[in-house]
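Trainee: So that we are looking at the same thing, I have put the structure below in structure tokens.
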Amino acid sequence: MAVGCFNPVLTPLVSAPPGRRLRSALLSRLPTASFHRLLACGSEGRGRWRLEAAAEPQAVQEQPARTEASDATSTAGGSEASSKLVLVVGGTGGVGQLVVASLLSRNIKSRLLLRDPEKASSLFGKQDENSLQVYKGDTRNPNDLDPQIFEGVTHVICCTGTTAFPSKRWDGDNTPERVDWDGIRNLVSALPQTIKRLVLVSSIGVTKYNEIPWSIMNLFGVLKYKKMGEDFVRNSGIPFTIIRPGRLTDGPYTSYDLNTLLKATAGERRAVVLGKGDQLVGEVSRLVVAEACIQALDIDSTERQIYEINSVKGEGPGTDPQKWEELFRSVQ
Ligand SMILES: NC(=O)c1ccc[n+]([C@@H]2O[C@H](COP(=O)([O-])OP(=O)(O)OC[C@H]3O[C@@H](n4cnc5c(N)ncnc54)[C@H](OP(=O)(O)O)[C@@H]3O)[C@@H](O)[C@H]2O)c1
């Protein structure tokens with residue numbers, strides 16, 4: 001059943017021109033106030049959730065222009081919007097939030113698999129169930145990954161993760177081993193073979209975790225377990241694309257270990273640098289990573305490929321599928 005859009009992030013998207021819409025979506029701080037309440041459909045625990053607004057939406061702050069997004073005349077997946085159902089795993093994280101906001105702004109149907117569905121409520125507000133569906137689940141628990149979660153799903157973007165070093169986010173044993181290895185293995189094992197593309201966000205340095213300086217980052221195994229997760233994806237038979245970001249900048253800084261230890265700063269990094277063979281070292285905007293994930297879903301040449309990704313100051317491909325296709329091809 002269609003429900004009117006009442007969302008602090010997305011309301012401005014419906015009235016603005018496409019480029020500006022995306023710019024607003026991606027540049028606006030995703031609101032985190034809990035002014036939406038969540039109604040469970042069915043039983044407690046695992047299962048589908050419905051988002052319902054309970055208060056006034058927050059105003060969206062317009063940020064300085066990011067010209068690539070504004071200039072783009074077309075966006076990935078637009079024409080296929082009705083036929084795609086993208087499962088986003090880790091959709092409340094730094095990259096994941098941007099992926100979800102961007103899918104919503106493109107009218108691409110999304111489904112979220114979250115440990116805490118209430119986070120979706122506060123982040124994305126009230127959404128038409130045909131646009132955004134929320135399921136509760138923890139990737140560490142195979143029993144949470146009920147087949148109904150994957151029914152109808154055509155594409156998957158997985159951007160789960162935890163901190164590289166011990167932190168509160170490890171509470172309840174949510175360590176790199178459990179999230180980046182057990183979680184990925186469980187998720188991939190549960191996916192139907194009909195999935196058209198699985199995009200996994202991993203990390204640069206995963207093939208060099210025994211070498212300085214990567215071995216420092218890998219003290220608690222994060223790079224090793226991410227590599228094991230990658231290998232599982234590669235051997236799964238599911239068409240995949242692996243995106244290995246450099247140090248993440250911009251957007252929500254949820255992973256304090258990497259970002260504050262290495263003193264990340266937000267910047268105007270829109271020009272995309274892609275690499276192969278785990279040679280690239282540097283930083284990348286979360287906005288760029290989110291866009292790369294979405295673009296890869298539709299670009300045939302990215303199938304069964306692994307890319308490292310950085311971004312630097314300058315003009316970038318924005319949301320233009322043709323520019324992304326050329327970029328991906330240039331490192332093939
Ligand atoms: N930070 C960096 O500089 C850096 C560099 C290279 C690569 N990476 C990788 O890039 C990816 C995206 O980074 P990010 O900063 O956007 O991540 P993030 O903000 O840490 O988000 C991680 C997401 O994973 C979810 N998650 C964690 N444990 C889970 C579990 N057991 N079951 C289901 N979901 C779970 C979190 O949900 P909850 O809300 O439930 O916790 C959250 O939505 C991660 O894989 C990260 O390791 C990061």
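Trainee: With a ≥ b ≥ c the root eigenvalues of the C-alpha gyration tensor of segment 83-213, is it rounded (a/c under 1.5), prolate (a/b larger than b/c) or oblate?
Mentor: It is prolate, given that a/c is not under 1.5 and a/b is the larger ratio.
Trainee: If r is the Cβ-Cβ distance from Asn210 to Asp116 and R0 is 56 Å, what FRET efficiency results, to the nearest 0.05?
Mentor: 0.95
Trainee: R0 = 56 Å: FRET efficiency of Asn130 with Trp170, Cβ-based, nearest 0.05?
Mentor: 0.95
Trainee: Can you tell me how much longer the chain between Lys196 and Glu268 gets when fully stretched, taken as 0.36 nm per residue apart minus their C-alpha distance, in nm with one decimal?
Mentor: Extending this stretch completely gives an extra 22.6 nm.
Trainee: Using the Cβ atoms and a cut-off under 11 Å, what net charge is assigned to the surroundings of Gly96, where Lys and Arg are +1 and Asp and Glu are -1?
Mentor: +2
Trainee: Which pairs, out of Lys227/Lys276; Lys84/Lys196; Lys119/Lys196, put more than 18 Å between their alpha-carbon atoms?
Mentor: In this structure, Lys119/Lys196 exceed 18 Å between Cα atoms.
Trainee: Which one of Ser311, Gly277, Leu297 has its Cα pushed farthest toward the positive end of the charge dipole of segment 277-326, where Lys and Arg give +1 and Asp and Glu give -1 at the Cβ?
Mentor: Final value for the positive-end residue is Ser311.
Trainee: Figure the gain on full extension for Lys276 and Arg329 (residue separation times 0.36 nm, minus the Cα-Cα span) and round it to one decimal in nm.
Mentor: Length difference between fully extended and current span is 17.9 nm.
Since every read-out is calculated from the coordinates, none of them should be taken as a lab result. It should be emphasised that the depicted structure is a prediction, and the values quoted were computed from it without experimental measurement. We place every Cβ from the backbone using ideal geometry, glycine too, and count neighbours over all the protein chains shown.
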